[in-house]
Amino acid sequence: MLKGKTAVVTGGSRGIGEAIVYKLASLHAGVAVIYAGNAAAAERVCITCRQKYGVRAEAYQCNVADFSAAKETVAKIRSDFGAAQILVNNAGITRDGLLAVMKEDDFDAVLDTNLKGAFNMIRHMTGLFIRAHDGCIVNIASVAGMTGNAGQCNYSASKAGLIGLTKSVAKELAPKGIRCSAVAPGFIKTDMTGGQTDNPLLKMIPLGRMGETEDVAGAVAYLVTAKYVTGEVLRVDGGLAM
């Protein structure tokens, strides 16, 4: 379905990002896996893509919050793959804390990675999309950006900003045939959350369970292949933010 296309996935070496990489590779897209620090994990993901799905997969280390580093990484991807038609902005961090005691550095770091990092990647990849006359951007937001979360004012602000960025980019780039939407996950089972079976959030989820990373990946795949959908925010949260 995506044969001949290249997908760039930030934060693609683990968790939700890893599941997204595998899903897009299973649809025959080549994948550029961007990671922050764990080179071994990123290479493992690439090896799986090559061996299991038979697609080209390359890993790139990049701090997406760094404008120049993002530009250099996109240039490397263009050199290696020739073009790219899909961007998934999944890279994100948390530094939770109550507003009254949150450190400025913790607020800035989360906004820089989660929001500015997405801007940096979109900014530098837009030229590739325009030249290819084809492009789809999917930003991984969060229901926290729609409802807010106590103890996560930095994270919620970054994800709310990402939703605003998504809608603005969708309107600006639609005339060029480039689509931009967002997925807003809820409580998803990852390495960080997998053991939280007693988390009170579970009682607030109408479906009564945590989501799987594959649920988010499936939503991304839908948006990538839905040619008449742009500016959408697709919740994958079991009804949490209904």
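Every number in this text was worked out from the coordinates using simple rules, so none of it is lab data. Please read all numbers here as calculations on a predicted model, not as lab measurements. So basically every Cβ, Gly included, is an ideal-geometry build from the backbone, and we count neighbours across all protein chains shown.
Per-structure values
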read-out	value
Charge-dipole axis of the chain as Lys and Arg at +1 and Asp and Glu at -1 on Cβ define it, positive-most pick from V55, I188, M1	M1
Lysine pairs in segment 1-147 with Cα atoms under 26 Å, if 8 or more residues apart or on separate chains	17
Values of log10 I(q)/I(0), in the order q = 0.14, 0.15, 0.16, 0.21 Å⁻¹, for segment 41-168 under a Debye, Cα-only, solvent-free model	-0.70, -0.78, -0.86, -1.20
Globularity ratio of segment 6-236, using Cα Rg and 2.2 N^0.38 Å	0.96
Sites L99 and E72, calculated FRET efficiency, Cβ-Cβ separation with R0 25 Å, nearest 0.05	0.10
For segment 14-82, average projected area of the Cα convex hull in nm²	4.4
Approximate spin-label separation S79-R44, in nm, with each point projected 7 Å along Cα-to-Cβ	2.9
Eligible aspartates and glutamates near K159 by straight Cα distance, threshold 13 Å, same-chain separation 8 or greater	D112
Given charges at beta-carbon only (K, R positive; D, E negative), |dipole| of segment 145-236 in Debye	360
Alpha-carbon Rg/Rh ratio, for segment 124-242, with Rh computed the Kirkwood way	1.02
Those trypsin sites (Lys or Arg not before Pro) in segment 171-242 that DSSP places in a loop and that have at most 15 other beta carbons within 10 Å	R209, K227
Debye, to nearest 20: dipole size of the chain, +1 on Lys, Arg Cβ, -1 on Asp, Glu Cβ	840
Cα lying deepest toward the dipole's positive end in the chain, options S26, G177, M210, charges on Cβ	G177
Furthest towards positive pole of dipole, C153, I163, A65, structure part the chain, Cβ charges	I163
